[in-house]
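No value in this document is a laboratory result; all are computed from the given coordinates. Here the structure is a predicted model, which is why all the values come from computation and not from measurement. Glycine also receives a Cβ, built like all others from the backbone with ideal geometry; neighbour counts cover every protein chain displayed.
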Amino acid sequence: MQSLPNTQLSFKKSSSVNINFLAAGVVIVLLALIFWCVFFFVWGYFHVSQRILPGVTAAGVQVGGMTISEAEAAIHEQWNMGHQVLIGSEDQWWRTPSLSLGIYVDSVKIARDAFEMGRGSGALAEWITILLGGQPSGGPEILFNEEMARNTLTQISQLVYAAPQPNEIVYENGQWVAKGGLNGKALDVERAVLILRSDPGRVLSQGQLELTYVPIAVETVNSEILQVLNQIGNRPLTASLYDPFSGDIRDYEIGMDRIGPYLGWDAQTQSMTLNTTGLIAEVTTMLETSQGVKVRMDDDLSAVEEAWKSGRSLEFSVVDLPRPYQVESGDTLLKISQKFRLPYWYILQANPGIQPNSLIVGAEITIPSRNEMLPLPYVRNKRIVISIPEQRMRVYENGEQVHEFIVSTGIATSPTFPGVYQVRTHELSAYASNWDLTMPHFLGIYEAWPGFMNGIHGLPTLSNGRILWGNVLGGPASYGCIILSLENAELLYQWAEDGVVVEIIG
C-alpha cells in the first residue's frame, strides 16, 4: 500500500512532458503555416505586380522590388553611365562614360534574369538562396560596341589633330627664305579600337585608355619655288595718279621696301599671297601725303595682285571733298557756282533752306564735291577742253592736241556752267521739246537742272527743217549747250566714248 503514491507521481511527470511536446509541435506547425502563408502571399504579390523579388541583387545593384524597366535603368545608370574612363595622352585627357567607348553591359538581359529568380522550376531553392543572402558571385559580362567606340574616337581625333606646320616662306632683307616647319600628328583610331575590342573589361577596370598618335611629316619647301619667288617677287609696283580736274597724270614707283611686309606664302596652295588691303592703304596714304590731296584707287581690289605681277600700273585718282564756304559781300549763288565751277542747282541742293537771292554775308554754306559731276570710270588718255571766252574746243589724246573746233556756248541769260564733267550719254539725234528742235550727235555732259541735260552737239534743226545758229558759230548762241558744226559734231561723237572728261573754262 505504500508504493502507490510513487506510481501516481511518475504518471503526472509523463503527462507533463507529452503536453510540452504537443505544444511545441503546434507552435512549429503554426510557424510553418505562417511561413508558407507569408511565402505564398509574397510570391503571389510579386507575381501579380510583376516586380523582382525582394533581396535580389543583379550585377551588384539592389533591384529587389523593382519592375524590369526600373531595374534595367538602375543597372544601366551604374554600369554604362556611372563608370568613367580617362582617355588621352600626354597633356590632353578627357573623362567620358564607358558607354561612349562602346563598353557596356546588357542591362536589359540582366534585369530580366533578376526578374526570373524565384519564378522558375527551382523557385524554392532560389527563394532560400535569396533569404540566406547567397547571391551569385562575379560581375556581369562586359560587351563591346565597335561603332560607338569609333564615333567617339573620331570626334576626339578631330580635337587632337595637329596639321603639319610647313616651312614658313617669308620675305626678309630683299629676298624670299624658308624658315621653321613642324611635323603634325593624328590619332591612331585603329589601335585604340583594337585595345578596346581585345579586352574591354580590362579598360573598364583600369578606368583609363591611353591613346597613341601617328606622325604627319611636313613637306619641305622646294628650292625651285624660292628661286621663282625671288624672280617674280622683287618687282616694284607702279601707281598712276590721275587728277581729273587738271588732267595731270603722275606715275609713282612703289618699291619692295613697302611691298615686302605685305607679301606672304600660302602653304596649302603653294603660292605667294599679297595683303592687298594693307598695301593699298599704305600706298594711298603715301600719295595723299606727297600730294596734299585726297586720293582713291580706281582699280578693283581684286586686280591689285594681278597688276603687280604683270607690271601694269594701278590707277588712282584725286578726290575733291565737300568744303565749307563763308558768304562774302557781293556774292550771289550764281557767282559762287561759277567760282567753284559747279552747276547752280547743285549748290542749292546741298544747302536746303538757303535763299539764293538774299544770301547773308558771313553765313556758311556747303560746297559739294566736284566728283559728283564725274560718275563714270575715267578715260584717262582723252580730254576735251572748252574755253567760253575763246569760244573754242580743244581735243587731246595721250597728252597731245588732236583737234581744235569753233564752238558756240550759252547766252548770258542761259549760260554754260564752267566745271569739270564727263561724257555721260550718246544720242544720235536728241529732241528738245521746249524748243521743238533736234540736236544731232548729242553728247550729254551735265545736268543744268535736275532732269535737264546740257551737252555737246551739232547745229540744231527745227521741225520745219531750218538749221539754227550756223551764221553765229563762234559766239554765245545756245541755251547752255556747246554747239559744233555738223561735221565736227559727228567726228567728236565717234571719238569720245562715255567717261571722257570735259573741262569747261569760264
Can you bin the stretch 323-370 into rounded, prolate or oblate? Criterion: square roots of the alpha carbon gyration tensor eigenvalues sorted a ≥ b ≥ c, rounded for a/c under 1.5, prolate for a/b above b/c, oblate for the rest.
rounded
Cβ-based net charge around Ile87, under 11 Å, with every Lys or Arg adding one and every Asp or Glu removing one
0
For Lys339, give me every one of the aspartates and glutamates with a C-alpha distance below 13 angstrom, ignoring sequence neighbours fewer than eight places off in its own chain.
Glu328, Asp331
Size of the stretch 236-319 along its principal axes in angstrom, Cα-based, largest extent first?
47, 20, 17
Reach of Lys179 by Cα under 19 Å, taken over aspartates and glutamates that are not fewer than 8 positions away in the same chain:
Glu168, Glu219, Glu224, Asp266
Given a Förster distance of 30 Å, report the FRET efficiency between Lys185 and Asp266 from their Cβ-Cβ distance, rounded to the nearest 0.05.
0.85
So how much slack lies between Asp300 and Gln401, counting 0.36 nm per residue of separation and subtracting their Cα-Cα distance, in nm?
33.3 nm
Under 5 Å, built H, 5+ apart or other chain: amide partners of Ala363:
Val327
Per the rule of 0.36 nm per residue minus the C-alpha distance, extending Met81 to Asn381 adds in nm 100.1 nm
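Ranked highest first by average number of other Cβ atoms within 10 Å, how do 152-162, 357-367 line up?
Highest to lowest by the protection proxy: 152-162, 357-367.
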Going residue by residue through the stretch 435-440, the Karplus relation 6.51 cos²θ - 1.76 cosθ + 1.60 with θ = phi - 60° gives ³J(HN,Hα) values, rounded to whole Hz and with x marking Gly or Pro, of 10, 6, 9, 9, 10, x
